[in-house]
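A short reminder: the numbers here are calculations on the coordinates, not readings from a lab. The model shown is predicted, which means the values in this text are computed figures rather than measured ones. Because the Cβ atoms are built from the backbone with ideal geometry, glycine has one as well, and the counts that use them run over all protein chains shown.
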Amino acid sequence: MNLMAGWAIDGGLPEAVAGSGESIEAVRNAFEEGQYPKVIELAGPFLKGNSSSPQVQQWHLLALAHTGKTIEALDAYEKLTKANQREDEVLLKQMAIASILPLRSDMREQMRGAAYTALREIESVETMRFLEEGLRDQSGMIRALVAEGMGHEVSGRQSKLFHEALKDGAALVRANVLEGLAQSGEPAVASTISPFLNDDQLMVQISAAKALFELGQSQYWQRLEKGVLSQDGYERGASIRALGELGDPRAVPILEKTLKDSQPSIRAAAVSALGKLKTPEALKAVKGAMFDRIPAVRSVAAFSLGNFPPQEVLTVLTSALHDSNVGVQTAAVASLLRIGAPFSTVAQTVERLMQDQNPAARSGVAKALGHGTDQEVIVLLNLLIQDPTPRPRITAARSLGRIGHRNSLGVLKRTLRDSDEAVRATAAAAIVRILDTPMGA
């Protein structure tokens, strides 16, 4: 099946090239059949000179993108738009998505992960059919990533392959599908979910109980509460996260008891869950976690404080900018931007982190800046997208896409020329996100 069916450029055959209608039709057919190398070959004769058909140019540049020749595709796009003296947002979006797709078949798991992460970032019904292929990937982590992304979209939840993933051998995949099914809000899916209360993996059992509770079966609260007391760390963590995501304030006293757990990952999960509950009692507990001896726990606490009223957290977050750990500092920057603090509050910390020798610190601040909207944020992300190492560039591109300002399209198009494939894929997804954002939003 040709995944690109329906992507053909609309319109009749051009009449400008006398006697060549049959050959142009061959280019069209090759494109619609997904024979992209053949499109490039057949389009060649029509691209000579200045009178080539715009349709052939479009098929040609999209074929270049589909075959992984992103830079050449961008060259062709810029030539076409220069001739037309205007941007073609529909074509730019098609080219951006097409440039991501070849990475799905890359031998490197990291690159396939980058491709599916980019497709998931787009959050569009248009990418669901491409995400579906990820459910067949040999990597369980990639399948889990794809299942989680599809679960957020109606079209993804309706996919036959999504439902078949309940038979996946990886527990996290099954768990993500169950949670996705619950988001449909349809009581009828309860019969599909119920058998997984007896799954051989405790993580899946917890996901099934959470899903059924969300569908109105309140008796499964007890199963989640029991899971918090489990001796199994995976079950305990999954139960804690589930209680936070359900948003029921009854969970606060249950979660408070886990803040003294010997495992830092459990304490961090509890802090994150409490942050989502947003009650005064939860706020007190999260503030207390800012004194945890483990930086990872403090980082989660600092980020979770961004969920609470600004007047309640401004002081503690400002203090966290001076924490000894850069992860805590970046989390504090993110939260301060989320609560609407002036950029001047975080400016010195951001500047210092951008100059840190550790790429992880620079990547962290790029991610934090994605929670801001000020022009200063855009300017700094434009600098970070030129970082010497790929990781900060990837994060900066993703942040620009999430902010969604159309004035970022220029720098993101230039980033499609990046030497790193994962950076290019992330920039492509950011372009699509921005183009999908309504004007003025």
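Within 10 Å, count the other beta carbons around each residue, average over each peptide in 110-123, 295-308, and list them highest first. Don't skip to the answer; put the middle values down first.
Details: 110-123: 22.4, 295-308: 24.1.
So the order, starting with the most tightly packed, is 295-308, 110-123.
At 7 Å along the Cα-to-beta-carbon direction for both V90 and H405, put a label point, then send me their distance in nm to one decimal.
A separation of 2.9 nm, rounded to one decimal place.
Among the chymotrypsin sites (Phe, Trp or Tyr not before Pro) within the stretch 178-268, which fall in a DSSP loop and have no more than 14 other Cβ atoms within 10 Å of their own Cβ? Don't skip to the answer; put the middle values down first.
On the way: sites: F196, F213, Y220, W221, Y234; in loops: none.
Answer in residue order: no site qualifies.
Nearest 20 debye, what's the magnitude of the dipole of the stretch 21-86 about its Cα centre given +1 on Lys and Arg Cβ and -1 on Asp and Glu Cβ?
Working: 7 positive and 8 negative charges, 55 e Å.
Here the size comes out at about 260 debye.
Based on the mean of other beta carbon atoms within 10 Å per residue, what is the order of 76-88, 56-68, 281-293, most packed first? Display every interim value, and only then the final one.
On the way: 76-88: 13.7, 56-68: 24.2, 281-293: 17.8.
In decreasing order of mean packing, 76-88, 56-68, 281-293 become 56-68, 281-293, 76-88.
If each of A190 and S344 carries a label point 7 Å out from its Cα toward its Cβ, how far apart are those two points in nm?
Between A190 and S344, the label points sit 5.7 nm apart.
In nm, to one decimal, how far is the R293 label point from the Q219 one, both placed 7 Å along Cα→Cβ?
About 4.5 nm, to one decimal.
Less than 20 Å apart at the alpha-carbon level, and either on another chain or at least 8 residues along: which lysines does that give for K93?
Qualifying lysines at Cα under 20 Å: K69, K79, K82, K413.
Within the stretch 93-110, whose backbone N sits under 13 Å from a point 7 Å along Cα→Cβ of V125?
Within reach of a label on V125: no residues.
For a paramagnetic label modelled at 7 Å from the Cα of K82 toward its Cβ, which residues of the stretch 405-441 fall within the zone defined by backbone nitrogen distances under 19 Å?
It comes to 410-418, nothing else.
Just list whichever of K167/K226; K276/K367; K226/K287; K287/K367; K160/K210; K226/K367 have alpha carbons separated by over 29 Å in the model shown.
Details: K167/K226 26 Å; K276/K367 20 Å; K226/K287 26 Å; K287/K367 23 Å; K160/K210 23 Å; K226/K367 36 Å.
Too far apart for the 29 Å limit: K226/K367.
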